[in-house]
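What follows is a set of notes on a single structure, which appears directly below.
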Amino acid sequence: MRRLLPAGAVARYEALIPEGGSFLTATLAQLALPSDVSGYFFGLLGYQARVYLGALVFAELPYALGAVYLGTAFIHRHYWLLLSAAAVAAATFAWGWRRHRSRAAPR
């Protein structure tokens, strides 16, 4: 991993992820990182396999379901469903981001 990415990029990612391996942090990182990079990344950080795999399933499941159902909605021209899904995804992301920032902020 260290040979694939510049040292500065690895250090930035390591600084963003707090030690301890929380499920919420792992899930947000899964959503932020490309899925093929995240396995190497969590391995370098020494995350527990159950936390990593749980976050992987939780993060990838919406993409899988979205690809199937939203693809069908697009083909059948159900644009209201596409817009509704986008609004729910944006609200969920905003909620998760605010929650993560409030936990990561020094008190």
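Observations
- Rounded to 10°, Cα long-axis angle of helix 23-32 versus longest principal axis of the chain: 70
- Label separation (LEU65 vs ARG3): 4.0 nm, computed from points 7 Å beyond Cα along the C-beta direction.
- Crossing angle, helix 35-45 versus the chain [Cα axis fit, 0-90 degrees, rounded to tens]: 30
- Between the helical axis of 49-75 and the longest alpha-carbon principal axis of the chain there is an angle of about 20 degrees.
Computed from the coordinates by the stated procedures, all read-outs in this text should not be read as laboratory data. Worth saying up front: this structure is predicted, and the values here are computed from it rather than measured. Here the Cβ is made from the backbone with ideal geometry for all residues, glycine too, and neighbour counts use every protein chain on show.
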